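Input: a single structure, listed below in structure tokens.
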Amino acid sequence: MGAIDRELPEANCANFAESWQTELSLLARHDVFFETRVADCPALIEAAHALRYQVYVVERKFEDAEQHSDGMETDQYDKGAIQGVLFHRPSEQAIGTVRIIQPAKCGETGLPIAQLLHENNIELAKFVSLADSVEISRFAISKEFRRRWTDERVIAAGRPLTRLETARQANLPCLSLIQFLLRQCVDNGVVYWT
């Protein structure tokens, strides 16, 4: 009579149970190892700026160290931005950060991406409602947490990760910062990311 009346093969049930366990353990591992906090006090703001310096100036060399002699990577958009700082719970070390720039807090200049597009004769407002938009920037994770421990073994062995290895070694710091972004945007009525 159709697929509804057929029994599911045991292998499919086992795969489903395994993937469900993996998802649960992923969330459990996240909660054990990571916590993202809003940088709403001087100490957390300093931690975000110091981490940005580490990633953007020291590790990636995207920024000039001489322009950031205080060891902090900052710019004019920080003052009105919502910043998140990701902490590794066991060490209490700040290991990641992300920034949400709100157009209402940018003054007359608007979002940085809108300025860049305008210089190229593209008006962002034709594509999205600027009042419902934010710019996501300064998404950074310390290099110690950008690589999974299995990457080196797998590269040396010359084989790809299995599905289970991939699930076990998911990039939890990255997922944590994305979760922070989503929560902040829902709380602030944001519809568009630029």
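The values are calculated or read from the model by the stated rules, or taken from the named source; none is laboratory data. Being a predicted model, the structure only gives us computed values, none of them experimental. Note: ideal-geometry Cβ built from the backbone for every residue, glycine included; neighbour counts use all protein chains shown. Side chains included, ligands, DNA and RNA excluded: accessible areas come from the protein's heavy atoms. Shrake-Rupley method; radii C 1.70, N 1.55, O 1.52, S 1.80 Å.
What is the residue count in segment 7-53 for residues that are more than 20 Å from the chain's Cα centre (by Cα), at pLDDT 90 or above and open to solvent by 60 Å² or more (accessible area, probe 1.4 Å)?
So the count comes out to 2.
Would you confirm whether or not segment 64-71 contains a residue that is closer than 22 Å to Glu135 by Cβ and under 20 Å from the mean Cα position of the chain (by Cα)?
No - not one qualifying residue is present in segment 64-71.
I need the strands (runs of 3 or more DSSP E) fully contained in segment 73-177, keeping only those with at least 1 residues that are over 19 Å from Cys41 (Cα atoms) and either in contact with a Leu (Cβ under 8 Å, 6 or more places away or on another chain) or at pLDDT below 90 (or both).
In segment 73-177, 133-141 are the strands (runs of 3 or more DSSP E) which contain 1 or more residues that are over 19 Å from Cys41 (Cα atoms) and either in contact with a Leu (Cβ under 8 Å, 6 or more places away or on another chain) or at pLDDT below 90 (or both).
I need every pair where a residue in segment 96-120 that is open to solvent by 40 Å² or more (accessible area, probe 1.4 Å) has its Cβ under 9 Å from the Cβ of a residue that is of a type in the set (Lys, Arg), sequence separation at least 6 or different chains.
Hits for this filter: Lys105/Lys79.
Those residues that are open to solvent by less than 50 Å² (accessible area, probe 1.4 Å) and more than 17 Å from Tyr192 (Cα to Cα), I need them from segment 78-95; list them, please.
Passing the criteria: Asp78, Gly80, Gln83, Gly84, Val85, Leu86, Phe87, His88, Ala94, Ile95.
I'd like to know if segment 54-77 contains one or more residues that are open to solvent by less than 50 Å² (accessible area, probe 1.4 Å) and under 21 Å from Gln179 (Cβ atoms).
yes
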